[in-house]
Amino acid sequence: MPGRILIVGGDSEIATAAAAHLRASGYTVAATTRRPERVAADRPFLDLSRPVEDWPIPDGIGAVCFCAAIARLNDCANDPQASALVNVTRTVALADRLLAHGIPILFLSTDKVFDGTRARVPAATPPCPVSEYGRQKAAAEAALSERMREGAPVTVLRLAKIVSPGMALLRQWIVRLTDGESIRAFNDMMMAPTPVVLAAAAIERLLAGPNSGIFQLSGPRDVAYSHVALHLARRLGADPALVDPVSAYSAGLPPGSTAQHTTLDSSALRERFGIAVPDAWAVIDELVETCR
């Protein structure tokens, strides 16, 4: 077991779940925050939009998980320079400082490094992003993979859609459908949902021992958001006609939002650690129960 774990970007949903899982597993965890009001002994301040060269690395850190990112596709498309500063330049600069101290790092990446034309894409497939966010994550991966080839203790974990109990979108849909109101759901946006607890478990296992390479975790198949909405309507006994299937582009989403496939070949995590995501409908049905 490594020493104290540092999570960079501790304000995110997945970071919160990972920190809780790690603490429950016996680890001591520090998680950075960019919100001054949240700073505490185990919540050091770190804002990757600022220089990181003089950021004081906490004492006793045995491994680091990078969760911090500007992850909304629109935010990256609308301001590629500022988002790349966080997602690539400062992330790699901080990783280099940590590696220079001999601290292993785990970098969380995304299915968006691929173009979505292939299902269950293998980890060794060359990145081919079509969104600005995907290009930035691929650039950070490329830099860290170079360090990996030089023998640095670097691991990459690519994730697709992560879902948490009480998922806000499902709660909103349930309220509207229950009240007999219509909802709009994208018929050209897919998800292969992964419960956040499984993502947290994968993070813990990859931080626990000497690992290196690229790992992936996603659900085994994709479902359209509109199909999820129809499934929800049927479960609630609501009129399916209340579901209005629309294109994601009708909401002004940028290129890369409507990948045909978001699934990733997750066999390495399954074979090495026994971590596997259930079928999409099993995940969604469990989510619905947490939202009602």
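Any read-out appearing in this document is the output of simple, stated calculations on the displayed coordinates, not a laboratory observation. What you see is a predicted model, and the numbers here were worked out from it, not measured in a lab. Cβ: placed from backbone, ideal geometry, glycine included. Neighbour counts: every protein chain shown.
Over all pairs of different C-alpha atoms in the range 162-215, the reciprocal of the mean inverse distance, the Kirkwood hydrodynamic radius, equals 14.1 Å. For ALA82 and ARG221, the difference between the fully extended length at 0.36 nm per residue and the C-alpha to C-alpha distance is 46.7 nm.
Length gained on full extension, ALA41 to ALA208, computed as 0.36 nm times the residue gap minus the Cα-Cα distance: 57.8 nm.
When the Cα atoms of the chain are enclosed in a convex hull and the volume is divided per residue, what value in Å³ results? Show your work: numbers first, answer last.
On the way: hull volume 38.1 nm³, N = 292.
Cα convex hull per residue, to the nearest whole number: 130 Å³.
Most tightly packed first, judged by the mean number of other beta-carbon atoms within 10 Å of their residues, the peptides 277-288, 221-232 read 221-232, 277-288.
Can you quote the Å³ per residue value for the convex hull of the Cα atoms in the range 109-194, rounded to an integer?
Numbers: hull volume 10.3 nm³, N = 86.
Measuring per residue, one finds 120 Å³ for the Cα hull of the range 109-194.
Principal axis analysis of the Cα atoms in the range 210-292 yields extents of 51, 32, 17 Å, listed in decreasing size. Taken one residue at a time, the phi angles of the range 253-267 give Karplus couplings (6.51, -1.76, 1.60, θ = phi - 60°) of 6, x, x, x, 7, 10, 4, 5, 9, 10, 6, 10, 5, 9, 5 Hz. Gly and Pro are set to x. Take the Cα radius of gyration of the range 147-292 and divide it by 2.2 N^0.38 Å, N being the number of residues; the result is 1.20. Measuring nothing but how far apart in sequence close Cα pairs (under 8 Å, 6+ apart) lie, relative to its length, the range 1-154 scores a relative contact order of 21 percent. For the peptides 75-87, 44-56, the ranking by packing is 75-87, 44-56, with the highest mean count of neighbouring Cβ atoms within 10 Å listed first. Separation of the range 239-292 and the range 73-122, taken as the distance between their Cα centroids, equals 21 angstrom. Remark: relative contact order (the chain) = 20 percent; criterion is Cα-Cα distance under 8 angstrom and separation of 6 or more residues. Multiplying the residue separation of SER182 and HIS101 by 0.36 nm and removing their Cα-Cα distance gives an extension gain of 23.7 nm. Taking the Cα centre of the chain as reference, the dipole from Cβ charges on Lys and Arg (+1) and Asp and Glu (-1) amounts to some 280 debye. Size of the range 1-119: Rg and Dmax of its alpha carbons, in Å, are 14.7, 45.
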